[in-house]
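The values are calculated or read from the model by the stated rules, or taken from the named source; none is laboratory data. Note that this is a predicted model, so its numbers are computed, not measured. Note that we place each Cβ from the backbone using ideal geometry, even for glycine, and neighbour counts take in every protein chain shown. For accessibility, only protein heavy atoms count, side chains too; no ligands or nucleic acids. Shrake-Rupley method; radii C 1.70, N 1.55, O 1.52, S 1.80 Å.
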Amino acid sequence: MTGTGHASMRIDTAAGSILCDPWVNPAYFASWFPFPDNSQLDWEALGQVDYLYVSHLHRDHFDAAHLKRFVSKKATVLLPEYPTSQLEDELRDLGFTSFLKTRSNEVHELDGGLKVMIQALISPTDGPIGDSSLWVEHDGIRVLNQNDARPTDLSVFAELGHVHAHMLQFSGAIWYPMVYELPESAKRAFGKQKRDRQFDRTWRYIDDLKASYVFPIAGPPCFLDDELWQFNDIFGDEGNIFPDQGVFLREYAKVGGTNGVVLLPGSVTELTADSAATTHPTDVDEFFADKQTHLEEMRTRKAPVIAAEKASWRHPEIDVLGELKKRIEPLLDESIYLAKGVGGPVRFDLVSYDGESVESIVVDFPGKQVRAYADEKVRYRFRTQRELIEHLIFIDEGDWVNSLFLSCRFSAARIGQYNEFVYAFFKCLSEERLQYAEGWYDEHEKTVEAEDTVLGDWTVQRRCPHLKADLSRFGIVDGNVLTCQLHGWKFDLPSGRCLTSVGHAIRATKTTS
């Protein structure tokens, strides 16, 4: 296994090679870069593979320019079983023609005895309508590349035999809480909670699978634009949600972990049933100890790339309000569950090129319209540069989460709880995606959760109302509050009310003695 940066790796066996999630170019409005830097690897050689696996469409996993230039079009794509064809369509547009359309949780045997299985997650909140994990076996050696997928249960992999290498996310990949308009002390406190939850979830997955070796991957990104530099974990901030692999090893040791292996870009691990012999291009401890120097060198080297990207965003000829009305109002008319879930107007404050004047636009979910802001009270507000919205319109972007929001180039404010429906809607700005999301919520709203489990003094429904995690494994009760550790959602047990987001009530009764 060769480390190729972030969530990417190349897996070589006697029966063939698999390149996973190669990402090199900046993503999300040039805000995210891979760290450590992987742009100087020999990609001409690394891209000559038998198989390509792209886990999902997040742009730190799906790098279209890199795939087009460097990855052999003779490679067979191992395609997750997603409800929409977008991943396949985009790969075909890049020149790939050979596809193995896998079935979720089904083992496929390839030439030479190479076996693969892909588990596809397909709720509207999984990645950009889908996320996945890849299991590989050859000659009795098994690898699980979980990357940043969050399965509710790893037993489907464990049942296939002991896993020797488990690759999984441990660091943040979101905009919360950094972008929220909160006092710095509150952001630090919320950030520390999220950082702790990230590690807790990682420990739970590691304990569930009990692989021989654990490889922290899929993060963190680094932020090289001066406007975003403060998001790098180099300032001793316990509320930073982007810890690196060196931090992972220290935190893992605190909970007894001794089998962690870091893959730097260019690191190579020879995996057998009994060992994982790893060679690195540089000393791992020294590299992370000198992290700030590496980041500053990258910042200088990548500055022209960021400047070129920024120069492409402005499209003053675009009537933003008119174009948003044209694109979003038909989707609002068709939306039932998402519109009801949002439940009110969402305001976008667009800061002009001069950095001073502001145009405010409201997406009015109950009123099913996009209009100028009329001084009404709103629960959800976003503030960003006008040129970013212009560019989203110009490129006809159908997923603002996988572009604007992950860029962290905005600020946000809300009254009340987090609302997943806001982000689900702005992830679904196309007919295909909206119809899928509406159908998914329609199906799951009608599902009766009949099976129960006992947690402490409470009998609760076994499946979390959020994304159906098994609460017998992920549920923790503290007094009258249940926390699902898979995503950190909390529930007030006496009332059944979700404390994390609107809706999602849980069924619970106090166990009598």
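Annotation note: Cβ proximity below 7 Å between a residue of segment 415-426 that is more than 18 Å from HIS487 (Cβ to Cβ) and a residue that is aliphatic (A, V, I, L, M) and not in a strand (DSSP E or B) (sequence gap 6+ or interchain) occurs for PHE425/LEU338; PHE425/VAL342; PHE426/VAL401.
Table: residues versus (1) touching a Phe, Trp or Tyr at 6+ places or on another chain (Cβ under 8 Å); (2) part of a strand (DSSP E or B); (3) of a type outside the set (S, T, N, Q).
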{"residue": "SER360", "(1), (2), (3)": "yes, yes, no"}
{"residue": "VAL363", "(1), (2), (3)": "yes, yes, yes"}
{"residue": "GLY367", "(1), (2), (3)": "no, no, yes"}
{"residue": "ASP375", "(1), (2), (3)": "no, no, yes"}
{"residue": "VAL378", "(1), (2), (3)": "no, no, yes"}
{"residue": "ILE389", "(1), (2), (3)": "yes, no, yes"}
{"residue": "ILE393", "(1), (2), (3)": "no, no, yes"}
{"residue": "GLY398", "(1), (2), (3)": "no, no, yes"}
{"residue": "ALA413", "(1), (2), (3)": "yes, yes, yes"}
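Looking across segment 348-358 at every residue that is assigned to a strand (DSSP E or B) and farther than 15 Å from LYS325 by Cβ, the one that is most open to solvent (accessible area, probe 1.4 Å) is identified as VAL358. Of the residues making up segment 7-40, those that are in contact with a strand residue (DSSP E or B) (Cβ under 6 Å, 6 or more places away or on another chain) and open to solvent by 20 Å² or more (accessible area, probe 1.4 Å) are ARG10, THR13, ALA15, PRO26. Scanning segment 166-192 for residues that are touching a residue at least 40 places away in the same chain (Cβ under 8 Å) and part of a helix (DSSP H, G or I) turns up LYS187, ARG188, ALA189, PHE190, GLY191, LYS192.
When segment 166-176 is filtered for residues that are closer than 15 Å to SER55 by Cβ and open to solvent by 10 Å² or more (accessible area, probe 1.4 Å), the ones remaining, listed by number, are GLN169, ALA173. The residues on offer are VAL163, VAL116, VAL179, VAL156, and the sole one that is of a type outside the set (Ser, Thr, Tyr), in contact with a Cys (Cβ under 8 Å, 6 or more places away or on another chain) and either more than 17 Å from PRO216 (Cα to Cα) or open to solvent by less than 40 Å² (accessible area, probe 1.4 Å) (or both) is VAL179.
So that you can scan it fast, the table gives a plain yes or no per residue for (1) touching a Lys or Arg at 6+ places or on another chain (Cβ under 8 Å); (2) over 22 Å from ALA120 (Cα atoms); (3) modelled with pLDDT under 90:
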residue: CYS408; (1), (2), (3): no, yes, no
residue: VAL454; (1), (2), (3): no, yes, no
residue: GLN461; (1), (2), (3): yes, yes, no
residue: LYS468; (1), (2), (3): no, no, yes
residue: LYS490; (1), (2), (3): no, yes, no
residue: SER495; (1), (2), (3): no, yes, no
residue: THR512; (1), (2), (3): no, yes, yes
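Taken over segment 94-127, the residue count meeting the criterion of being among the acidic types (Asp, Glu), over 19 Å from PHE62 (Cβ atoms) and outside any helix (DSSP H, G or I) is 2. In the list GLU334, GLU297, which residue meets the criterion of being of a type in the set (Asp, Glu), open to solvent by 50 Å² or more (accessible area, probe 1.4 Å) and free of Cβ contacts under 8 Å to residues at least 12 places away in the same chain? None of the others qualify; the one that does is GLU297. Residue pairs whose Cβ atoms lie under 9 Å apart, sitting 6 or more positions apart in sequence or on different chains, and linking a residue in segment 110-122 that is farther than 30 Å from LEU434 by Cβ to a partner that is among the polar types (S, T, N, Q) and open to solvent by less than 20 Å² (accessible area, probe 1.4 Å), are VAL116/THR102; MET117/THR102; MET117/SER133. Within segment 66-85, the set of residues being open to solvent by less than 50 Å² (accessible area, probe 1.4 Å) and assigned to a helix (DSSP H, G or I) comprises HIS66, LEU67, PHE70. Answer yes or no: is there a residue in segment 364-381 that is touching a helix residue (DSSP H, G or I) at 6+ places or on another chain (Cβ under 8 Å), loosely packed, with under 15 Cβ neighbours inside 10 Å and of a type in the set (A, V, I, L, M, F, W, C). Yes, segment 364-381 contains a residue that is touching a helix residue (DSSP H, G or I) at 6+ places or on another chain (Cβ under 8 Å), loosely packed, with under 15 Cβ neighbours inside 10 Å and of a type in the set (A, V, I, L, M, F, W, C).
Kindly indicate whether GLN48 is open to solvent by 10 Å² or more (accessible area, probe 1.4 Å), within 21 Å of GLU137 (Cα to Cα) and part of a loop (DSSP other than H, G, I, E, B). Yes; evaluated as a whole, the condition is true for this residue.
In summary, SER72 fulfils each of the numbered conditions (1) touching an Asp or Glu at 6+ places or on another chain (Cβ under 6 Å); (2) more than 24 Å from PRO124 (Cα to Cα) with the single exception of condition (1). Among the residues of segment 483-500, those that are within 15 Å of LYS468 (Cβ to Cβ) and open to solvent by less than 10 Å² (accessible area, probe 1.4 Å) comprise CYS484, LEU486, PHE491, CYS498.
Residue check: is LEU429 among the aliphatic types (A, V, I, L, M), part of a loop (DSSP other than H, G, I, E, B) and within 23 Å of VAL346 (Cβ to Cβ)? Taking the combined requirement at face value, the residue satisfies it. Which of the residues spanning segment 200-234 are of a type in the set (Phe, Trp, Tyr) and either open to solvent by 30 Å² or more (accessible area, probe 1.4 Å) or not in a strand (DSSP E or B) (or both)? Answer for segment 200-234, where residues must be of a type in the set (Phe, Trp, Tyr) and either open to solvent by 30 Å² or more (accessible area, probe 1.4 Å) or not in a strand (DSSP E or B) (or both): TRP203, TYR205, TYR213, PHE223, TRP229, PHE231.
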